[in-house]
Amino acid sequence: MNLVANKNIRWLRDNLFSSVSSALLTLITGYMLLGMFRGTVGFILSPMRQWPAVTYNMQLYMIFNYADGDSWRAWASVGVALLLLGITLGYWNTGEKVSFNSVISGLFKVFTGLTLAVLVAPRETEIMNNDGTRSMVEVISSSERINILIPIAVLTLIFFLLTRYNLPKLFNRTKVIIFYVGFLVGSAWIIKVPTVTFDDAGNRVEPDLFLPLATTTTIPWTILYAVLWAAFFIGQYLQKKEIKILKRLIPITWLLLPLYLFSWLYKKPIIEYNEVLLNDIPGVLIFWIIGFLILRYATNEKFIKYRNYLTIGFLLVTASILFLRIPFLFKALTFSVVLLLLVAPAIANTAEGKRNLLLIWIVATLVMAFLLRGSGSDTGILTPTGSFLGGFSLTWVLAIFGTYVSFPFGVILALGRTSNLPLVRIICTGIIEIVRSVPYITWLFFASVMLTVFMPEGIEFNLIVRVLIVTAFFSGAYFAENIRGGLQSISKGQYEAANAVGMNPLQRISLIVLPQALRAVIPTLVSSLITSFKDSSLVAIIGLFDTLRIGSAVIPTQSSPVNFVGTQLDNLLFIALFYWVFCFIFSRRTMKIEKKLGLGER
Amino acid sequence: MSIIVTKNVKKWFGDFQALDGISMEIKEKEVVVICGPSGSGKSTFIRCINRLEQHQEGDIIVDGIELTNDLKNIDAIRSEVGMVFQSFNLFPHLTVMQNITLAPIWVRKKTRTEAEEKAMELLERVGIPEQADKFPGQLSGGQQQRVAIARALAMEPKIMLFDEPTSALDPEMIKEVLDVMKELAQSGMTMIVVTHEMGFAKEVCDRVMFFDEGKLVEENNPEDFFNNPKSDRTKLFLSQIL
């Protein structure tokens, strides 16, 4: 007991009261923090707050007015993502352990903080009366405070006593984290939050009732949590079985997952199968044969002689059929042949490279056909506002998709800008400079008003998809400049060393230059990621309903019977918390990754 | 049989002429030391041999392949010629083992196990098998340079180029690198070494070449080179360096 106390007192002395000035600074800061804390608690508990505005509208926050009958699609998407997450965590489990002691001492610290917080919480807070005068009202009565304090204090004491025993038991770190998540899910059953209900006549029942958080979603969340555990154990089983292919399969699945889930949320396609039969299948087959022929003769000398003419020929064909009324699939595939002709000689110079490239070609044509057929058909999911997503799901779609599309695009732009080929360099520099010198909001208006004009005929994308396209360009340009900084930090010696061992340019870039360049710019990349996550709220300007707009404009106008008019502050605080939690988790995770990758730094 | 032949090689950096008509032949299994004052074009010359620098006039023929702009020839020559740099140029984001196996796996298309066996063999040869899983940043300069030699050898080159391999090292580390190079020379590798280590030249090499102002001023066997230099420039250089 003395030992622990001594240690803590020494810590206080060394860190907070090491000199007169630091003691003074500690006291002043402490006083200010206390004031802020009491103010915030007073704000939250004030009778002027209408927290039911947040809790009652959870569905609005999550998926906005995504068609009710289709909301299982949203649940299923989360489920699939969690399934993959669990398998990944299980399969890539490093077996890192945390001791029972550190778990307990963590809990002890948290509960000490809670006890202190309850002790110093304000007794009353100021409210404004109808006539404009201010008065104080009680928010926590003495009996309430004691009622809360007793269980917390008891738990604190238990944890404190447990810290004194040296329990050698070790737990798998990942399991502990998933277990903690369980508390969140479990609390949905237990913790009661203020909400509103209605009587038979449809009138709001006063006073506000306390019901379990998210009454209708406790069961889905619990099922999802079970899915996470199950997936984790499947992953661990696969790890034990040493199934090597998963090492490549899992990252690829993660890359493709958002695409798949997005199409899952976006479309309930109504497909005309005779068009598939007449256009898509023959089209893909023809282009499979073309691709096969190109790869078959890629290293043939005669072919190489005519390759440039062929490339230009296909480019001209692409340009000339661009405005013809033929399925867009054919135009896209013709252009893809140009790309194939460009990369074929570099990659298909071995049997293995040829096989891989043929496989990529087959899959790419299929995916292209699948996506174009899907996007060309009508969306079956209709909402009154025309935008199919809103709230958190929109914020997430914009953030994740924005990154998925813009990051590779940024890498390509950065490489292009530093390329030796003048044409490539000029085009990439041009794109970057044009995109960066126009404000994001202008691009959003461009997406909402003008982009349809530039699209090929017959293809009309949803506003969200158009926003994603301009976001890809906009954040891509910023990523490109960050990555370029990383590329410039690579010394000439690295290029020379790669050349000297006989690597070709593609290997040099992908094995030597990019891994180092990306590592060097992780901090800036993360800050751009966080920026784009928050910037996604700008889409409110062009009529999309993101989290912020729902909280600041939609809910505060809900009138009878729920009557949440003017509940802006409550909602804004909730949204601030939402953004903070995710940005914080994100930056902490990245710090870990940075540390892990930084191992090989110079 | 000459493995490297150069004829009247010339190179300019802007207005500055770095190489002024270098003609030479190097036979298989020969160890050649190139020395000379700084700025004399010796590094530029060996960097021309594997096309890290491009010569503007003259011919360079390595193992029967002429160096032209043809990418295929350049790749073919680079996989025949290993190079060790003054500043090591190891890949800092990869472990020692990965540094050595990267090129055999990707360029030579070896399997991973095959490449790792070979890499372990080479690490033992250069005397640091226990460092295989460390990153270059965790090694001393001498160890890093030995890894760099192992990395070049992993490609099983016919020729090894050394561009001032010991200039960036502390005196006590120089010996460990030179020992590896000596062992390599005795094993019958064709080597061109740009160095100021005259001890190495006297002891190991078959021929010494002296460069000055982009010209090959003198070439001789080491004994005659150090004892009876022909040109005045060589005499002056030797008097300053020895």
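The values are calculated or read from the model by the stated rules, or taken from the named source; none is laboratory data. Here the structure is a predicted model, which means the values were calculated and not measured. We place every Cβ from the backbone using ideal geometry, glycine too, and count neighbours over all the protein chains shown. Note: accessible area is taken over every heavy atom of the protein model, side chains too, but ligands, DNA and RNA are not part of it. Shrake-Rupley method; radii C 1.70, N 1.55, O 1.52, S 1.80 Å.
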Mind running the shape call on region A:37-191? Use the C-alpha gyration tensor, a ≥ b ≥ c as the square roots of the eigenvalues: rounded below 1.5 for a/c, prolate if a/b tops b/c, oblate otherwise. oblate
What 222 nm value per residue comes from the helices of the protein assembly as shown, counting each DSSP H run with n ≥ 4 as -39,500 (n - 2.57) and dividing by all residues, nearest 500 deg cm²/dmol? -19500 deg cm²/dmol
Might you tell me the accessible area per residue for region A:499-585, computed with a 1.4 Å probe and given in Å²? 41
Karplus-derived HN-Hα couplings along region A:575-586 (A = 6.51, B = -1.76, C = 1.60, θ = phi - 60°), whole Hz, x at Gly and Pro: 5, 4, 4, 4, 5, 5, 4, 6, 4, 5, 4, 4
What is the set of long-range amide H partners of B:Gly36 at a cut-off below 5 Å, with H atoms built 1.01 Å from backbone N? B:Phe211
Note on region A:498-514: residues buried by at least 20 Å² of accessible area once partner chains are added (vs chain on its own, 1.4 Å probe) come out as A:Asn499, A:Ala500, A:Val501, A:Gly502, A:Met503, A:Gln507, A:Leu511, A:Ile512
Take chain B, connect every pair of alpha-carbon atoms lying under 10 Å apart with a spring to form a Gaussian network, then pick out the residue of B:Thr113, B:Thr44, B:Thr95 with the largest mean-square fluctuation. B:Thr113
Roughly how big is region A:61-200's charge dipole about its Cα centre, with Cβ charges of +1 (Lys, Arg) and -1 (Asp, Glu), in debye to the nearest 20? 1060
Using a loss threshold of 50 Å², tell me which positions in region A:460-494 are less accessible in the complex than in their chain alone. Probe radius 1.4 Å, ligands and nucleic acids ignored. A:Gln494
As an exercise, identify the chymotrypsin sites (Phe, Trp or Tyr not before Pro) in region A:140-245 lying in DSSP coil whose Cβ has no more than 14 other Cβ atoms within 10 Å. A:Tyr165
Run through every distinct alpha carbon pair of region B:76-133 and return the Kirkwood hydrodynamic radius in angstroms, one decimal place. 12.2
Carbon and sulfur together cover what percent of the accessible area of the protein assembly as shown at a 1.4 Å probe radius? 64
For the charge dipole of the protein assembly as shown, defined by +1 on Lys and Arg C-beta atoms and -1 on Asp and Glu C-beta atoms about the Cα centroid, which residue among A:Met368, B:Pro136, B:Met173 has the Cα displaced farthest towards the positive pole? A:Met368
Can you compute the label reach from B:Glu219? Point 7 Å from Cα along the Cβ direction, backbone N cut-off under 19 Å, restricted to region B:58-78. B:58-67
Cα gyration tensor shape of region A:507-602, rounded if a/c is under 1.5, else prolate or oblate by comparing a/b with b/c: prolate
I need the fraction of alpha carbon pairs in region A:1-92 separated by more than 23 Å, rounded to a whole percent. 66
Only four residue types carry charge here, +1 at the Cβ of Lys and Arg and -1 at the Cβ of Asp and Glu. Report the dipole size of the protein assembly as shown about the Cα centre in Debye, rounded to the nearest 20. 1340
Regression test value, accessible area per residue of region B:78-155, probe 1.4 Å, units Å², expected 37
By the Cα gyration tensor axes a ≥ b ≥ c (a/c under 1.5 gives rounded; else a/b larger than b/c gives prolate, otherwise oblate), the shape of region B:36-126 is oblate
At q = 0.06, 0.07, 0.09 Å⁻¹, what log₁₀ I(q)/I(0) does a Debye calculation on the Cα points of chain A give, no solvent, two decimals? -0.44, -0.60, -0.97
Report the B-A buried area as the accessible area lost on both sides summed, probe 1.4 Å, in Å² to the nearest 100. 2000
Rank A:Ala53, A:Tyr266, A:Gln488 by how far each Cα sits towards the positive end of the charge dipole of chain A (+1 on Lys, Arg Cβ; -1 on Asp, Glu Cβ) and give me just the farthest. A:Gln488
How much accessible area per residue does region A:145-189 have, in Å², with a 1.4 Å probe? 69
How large is ³J(HN,Hα) for each residue in region A:163-175, as worked out from phi by the Karplus curve 6.51 cos²θ - 1.76 cosθ + 1.60 (θ = phi - 60°), to whole Hz, x for Gly and Pro? 5, 7, 8, 8, 8, x, 4, 10, 10, 5, 4, 4, 4
In region B:130-164, what residues drop by 30 Å² or more in accessible surface going from the chain by itself to the full protein assembly, probe 1.4 Å? B:Phe135
